[in-house]
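The values are calculated or read from the model by the stated rules, or taken from the named source; none is laboratory data. Quantities reported herein were computed from a predicted structural model and do not represent experimental measurements. Heavy atoms of the whole protein, side chains included, go into the accessibility calculation; ligands, DNA and RNA do not. Shrake-Rupley method; radii C 1.70, N 1.55, O 1.52, S 1.80 Å.
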Amino acid sequence: MSLDLTVRHGYEVEVAQVDETNLVMTVLVINTDGKASGRHIFDLKTLAGADLAKVCREAYPIAFEEVAP
């Protein structure tokens, strides 16, 4: 799935759409030495017509660059 998400340095994010209304987002946190330090998995319930990128950014905001208004 391709969403307009700009990920911060030190994070990797994968988003998969499970069905029409559900997403799973996996955030991998990378230490400064390049080793993975944590993995967070979110089952994001969304509504039809929701901005899926916004849903992801709100679930784990530290992993994403700020969005210009």
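Structure notes:
- Solvent-accessible area of region 1-50 (1.4 angstrom probe, protein heavy atoms only): carbon and sulfur portion equals 48 percent.
- Per-residue extension of 0.36 nm, minus the Cα-Cα distance of Arg39 and Ala68, leaves a gain of 7.7 nm for this segment.
- Potential extension, Leu47-Asp19 segment - 0.36 nm per residue separation minus Cα distance: 8.9 nm
- Which of Ser37, Ser2 is most accessible, then next, and so on - probe 1.4 Å: Ser2, Ser37
- Over all distinct Cα-Cα pairs of the chain, the Kirkwood formula returns a hydrodynamic radius of 12.6 Å.
- Average accessible surface area per residue within the chain, 1.4 Å rolling probe, Å²: 70
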